[in-house]
Amino acid sequence: MKKLIEVLAIASLGVALTGCGNQSTQSSSNTAKTNSEASSSQSAPTTNNTSSSESHHDSSLWNNQKNEQLASFMQKWGPTMHQSYEQYDGQNELKVSTGITYPDGLSKELVEGQSGLIGWAPSGKGDYEYNVVAIYNHDGTEPPLPNRITYFFAFHNGKPVVLVDQSNNGDPDCHPTTNMDLESNFERIATESTK
């Protein structure tokens, strides 16, 4: 009888400890869910939650805060190039000296000679190869006129890229910029996490 009582006491202590252990596991699982990037090796419900938080993360490649950081950078960078840039504000069309207006003009814009690859997508996610989140233009004043430098800040396969168009006749045609300062600063702003 005494042994039976000891066995029952040990068993109930084990059950009590197991309950505490589960509670602790539950608690740490909830903590992992609140940290948006949880390990994929966790249980199925947490993995599903991680997937939805990753989708949420992906859907905001670009936001107002990043847009303001880019505007601030362009205000400082333009003068170093002896140029001033006008930004497409998301509402009023941006007209360049060659007569094209953006963002509508993106439908006619070629990317390295290919059509239909570029379009306006303010979140950075869209149906294009190059999803444009910001447009900046500088109209030149030195002959031959008209001349312009138009930068398209875009995401290509989820990665930041800066395209430039300096065409002044014929079809508008852009290509990746060779200005590493511009490219690296856009990449820095685009990949910085915002709160």
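The values are calculated or read from the model by the stated rules, or taken from the named source; none is laboratory data. Here the structure is a predicted model, which means the values were calculated and not measured. Positions of Cβ are backbone-derived with ideal geometry, glycine not excepted, and every protein chain shown enters the neighbour counts. For the accessible areas, the whole protein counts, side chains as well, though only heavy atoms, and no ligand, DNA or RNA atoms are used. Shrake-Rupley method; radii C 1.70, N 1.55, O 1.52, S 1.80 Å.
Can you list residue pairs whose Cβ atoms sit under 8 Å apart, with the first residue in the range 80-100 being closer than 13 Å to W120 by Cα and the second being assigned to a loop (DSSP other than H, G, I, E, B) and open to solvent by 50 Å² or more (accessible area, probe 1.4 Å)? Count only pairs 6 or more apart in sequence or on different chains.
From residues that are closer than 13 Å to W120 by Cα, the pairs are G90/P122.
Hey, can you tell me all the residues within the range 127-155 that are in contact with a Gly (Cβ under 6 Å, 6 or more places away or on another chain) and in a loop (DSSP other than H, G, I, E, B)?
Of all residues in the range 127-155, those in contact with a Gly (Cβ under 6 Å, 6 or more places away or on another chain) come to 128, 131, 133, 147, 155.
Across the range 127-155, the qualifying residues are Y128, N147.
For the range 117-129, does any single residue satisfy the condition of being on the phi > 0 side of the Ramachandran plot and surrounded by 15 or more Cβ atoms within 10 Å (Cβ to Cβ)?
yes
Looking only at residues in the range 75-94 that are open to solvent by 90 Å² or more (accessible area, probe 1.4 Å) and in a loop (DSSP other than H, G, I, E, B), which one is farthest from N169 (Cα to Cα)?
Per the criteria, the residue is Q91.
Take S97 and tell me if it is of a type in the set (G, A, S), farther than 21 Å from S72 by Cα and either in a loop (DSSP other than H, G, I, E, B) or open to solvent by less than 40 Å² (accessible area, probe 1.4 Å) (or both). Outline the logic, then answer.
Working: of a type in the set (G, A, S): yes; farther than 21 Å from S72 by Cα: yes; either in a loop (DSSP other than H, G, I, E, B) or open to solvent by less than 40 Å² (accessible area, probe 1.4 Å) (or both): yes.
Considered against the rule, which asks whether it is of a type in the set (G, A, S), farther than 21 Å from S72 by Cα and either in a loop (DSSP other than H, G, I, E, B) or open to solvent by less than 40 Å² (accessible area, probe 1.4 Å) (or both), S97 comes out as yes.
Does Y102 qualify as being under 23 Å from Q65 (Cα atoms), at pLDDT 95 or above, open to solvent by less than 40 Å² (accessible area, probe 1.4 Å) and in contact with an Asp or Glu (Cβ under 7 Å, 6 or more places away or on another chain)?
For Y102, the condition - under 23 Å from Q65 (Cα atoms), at pLDDT 95 or above, open to solvent by less than 40 Å² (accessible area, probe 1.4 Å) and in contact with an Asp or Glu (Cβ under 7 Å, 6 or more places away or on another chain) - is met.
Could we say that T80 is touching a Pro at 6+ places or on another chain (Cβ under 8 Å) and within 19 Å of I149 (Cβ to Cβ) here?
No; evaluated as a whole, the condition is false for this residue.
Rundown of residues vs (1) in contact with a Cys (Cβ under 7 Å, 6 or more places away or on another chain); (2) free of Cβ contacts under 8 Å to residues at least 60 places away in the same chain; (3) under 18 Å from Y85 (Cα atoms), yes/no style:
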site	(1), (2), (3)
G124	no, no, no
E129	no, yes, no
V132	no, yes, yes
N137	no, yes, yes
G140	no, yes, yes
T150	no, yes, yes
F155	no, no, no
G158	no, no, no
G170	no, yes, no
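Kindly list the number of the only condition in (1) outside any helix (DSSP H, G or I); (2) open to solvent by less than 10 Å² (accessible area, probe 1.4 Å) that fails for L70.
(1)
Given the conditions (1) open to solvent by less than 40 Å² (accessible area, probe 1.4 Å); (2) more than 16 Å from D165 (Cβ to Cβ); (3) modelled with pLDDT of 95 or more; (4) outside any loop (DSSP other than H, G, I, E, B), and given that S53 satisfies all but one, which numbered condition is not satisfied?
Unmet for S53, out of (1) open to solvent by less than 40 Å² (accessible area, probe 1.4 Å); (2) more than 16 Å from D165 (Cβ to Cβ); (3) modelled with pLDDT of 95 or more; (4) outside any loop (DSSP other than H, G, I, E, B): (3).
Output the residues belonging to the range 131-154 that are surrounded by fewer than 22 Cβ atoms within 10 Å (Cβ to Cβ), under 27 Å from the mean Cα position of the chain (by Cα) and either farther than 22 Å from P79 by Cβ or of a type in the set (V, I, T) (or both).
Hit for the range 131-154 is I149, nothing else.
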